[in-house]
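Trainee: Below are the structure tokens for one structure; questions will follow.
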Amino acid sequence: MKGLGKARADRTDDEDPTPRGGDGTREPGRTGEEREPRGRTAGGRRVPWYVSLPVTLAVIFALFLGMANLGWLPGLPNPFAEKTVDRSQPVVLRSIQNMSRYNAATGNFQVIVDLANEAKFLPSAILGTRSLYVGAGSVEAYVDLGKLGTDSVKVSDDRRTATITIPHGQLAGAALDVKNSYMYSQERGLFDRLGDLFSSSTSDDQHRVELLAVEKIDKAAKDTGLTVTAENNTKAMLTGLLGSLGFTSVTVDVV
């Protein structure tokens, strides 16, 4: 009986998972109840379900959106897809202006505007802007036929000879072609970029370079022969028109 009791005691000791020392005795202070239970983190605390569940759902939702955005779910619409909605108001006709001029020539121009705003004592990387803008526009040259008086047109009695006196050609204002005009590059200092968060200075720079481009195109058009071309084209138009009406001699003078 003593042998059987000793065997059972040894068997019980073998099944006890309590760590033992080098001499076979159990280490004090380490019992089976002190082991880390399953489901706990390395710090010894279990993550509450009301924390782990939302995190898991958020990860699944993020993966779902990412797959939809990359087109891996062709059966579902892209949640990040954008569409253009035009909520503009109807066009309002403000006025009608009667025109009596003959647009006889058009000049097409292109200008590169290099506009910089520099600080006096700070480098441009800190404070200052520089804009490179490619502007395309056109200028029309015309002859105002509305200025013809009663004595501007003289016709012979046999209606074979006519003499017309027209005014000199003029230039209309430059019209900027927004489809072919664009901001090539824009450099802004650190303080200017911070200021963009609270103001619309970028749109102001765009408007400034557009006005400067129109001004330069207007000035360049004055240095060309557009007005002379308009006068010659008007002469040719009037000569052909009166010639088709039976006039054999047509003289057009520019005064």
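Trainee: For the stretch 119-183, with equal point scatterers placed on the C-alpha atoms only and solvent neglected, what are the log10 I(q)/I(0) values from the Debye formula at q = 0.26, 0.28 1/Å, to two decimals?
Mentor: For the stretch 119-183, the Cα-only Debye profile gives -1.06, -1.11.
Trainee: Right, here's the next one. What trypsin sites (Lys or Arg not before Pro) does the stretch 91-153 have in DSSP loop regions with at most 16 other beta carbons within 10 Å?
Mentor: Answer by residue number: 94, 120.
Trainee: Given H placed 1.01 Å from N in the peptide plane, which residues other than close sequence neighbours of residue 252 have an amide H under 5 Å from its amide H?
Mentor: Residues meeting the amide H criterion: 164.
Trainee: Check which residues have an amide H placed less than 5 Å from residue 104's amide H, if you skip close sequence neighbours.
Mentor: 141, 142, 143
A short reminder: the numbers here are calculations on the coordinates, not readings from a lab. Just so we're clear, the structure is a prediction, and the values are computed from it rather than from any experiment. Cβ: placed from backbone, ideal geometry, glycine included. Neighbour counts: every protein chain shown.
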